Amino acid sequence: MRNSFKIASLSVVSSLFSLSIQAQETNFSYTQLSVSAVHTEYDDDIYLVSGPKSYDVYSDIGGAKVSGSYQFSNNVIIGANGSYQENSGSVTELNLSQSLWFVGYAFPVADSIDFTFSGGLAYAEAEICQYRLGCYSVDENGINISGGVRAWASSWLELNAGVSHTDFDDFDSQTAINVGAAGWFNESSSIFVDLGFEDDTSSAALGYRYSF
């Protein structure tokens, strides 16, 4: 399964170079920077030992995410993003950091609609602190492939959606579906909202994006 996923990821990267030869101007700029506040809820509560006969119960976690990307003239895109989320109880802590480095491609399919796809390397680290057990962490590398669509619903409103799959070495693989919207103040600045749904979590993000 993992070998076939690697082959699919390599196919995504190789396709970028063949498609770039026929590049057309996209409806959106993908040279951009963004920062957002992120909140994640777990489908199943997490229990951490807080005493001899007690537990801290975690149903959510929150933090921030930073993203950046650069679009070449042939519509090939390189980028990275990273996030850090945390929550704490009486004597316990739960921290999660994630990052993604990717290369992708964007192409217009109509006067107001772009399709995008990408492949990249993912990293995730979780740190847990519990009563008498101290703090310990686990980390993992993985491969990510993603696809999405962005569309102008009006002169100032953007709608978008996407799907991604991350295959980790030892962690459970994750498939995520995202839907979002952005309100544009001008050609560069926008405020966006994103909703994400994974196998065992759901998340919401509110942020600011500057496009060059």
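Each value in this text was obtained by applying a stated rule to the coordinates, not by laboratory testing. Please read all numbers here as calculations on a predicted model, not as lab measurements. Methodologically, a virtual Cβ is constructed for each residue, glycine included, from the backbone with ideal geometry; neighbour enumeration extends over all protein chains shown.
A few notes on this one:
- Calculated [θ] (222 nm, deg cm²/dmol) that DSSP helices of n ≥ 4 give over the chain, each run adding -39,500 (n - 2.57): -3000 deg cm²/dmol
- Normalised by the number of residues in the range 2-211, the mean separation of alpha-carbon contacts (under 8 Å, six or more apart) gives a relative contact order of 19 percent.
- Globularity ratio of the chain, using Cα Rg and 2.2 N^0.38 Å: 1.13
- Set of the range 38-59 residues, backbone N closer than 20 Å to the point 7 Å along the Cα-Cβ line of SER90: 45-59
- Net +/- balance of residues flanking ILE61 in space, Cβ distance below 10 Å, scoring K and R +1, D and E -1: -3
- In terms of the mean number of neighbouring beta-carbon atoms within 10 Å, the peptides 77-85, 181-189, 100-108 order highest first as 100-108, 77-85, 181-189.
- If R0 is taken as 45 Å, the Cβ-Cβ distance between SER202 and SER73 corresponds to a FRET efficiency of 0.75.
- Our coupling estimate for the range 183-191, obtained by passing each phi through the Karplus curve with A = 6.51, B = -1.76, C = 1.60 and θ = phi - 60°, is x, 9, 7, 7, 6, 10, 9, 8, 9 Hz, Gly and Pro reported as x.
- Two-site label geometry, ALA80 and LEU157: point separation in nm, points 7 Å out along Cα→Cβ: 3.7
- Highest to lowest packing among 145-152, 126-133, scored as the average C-beta count within 10 Å: 145-152, 126-133
- Between helix 2-20 and the chain: long-axis angle, C-alpha atoms, 0 to 90°, nearest 10: 30
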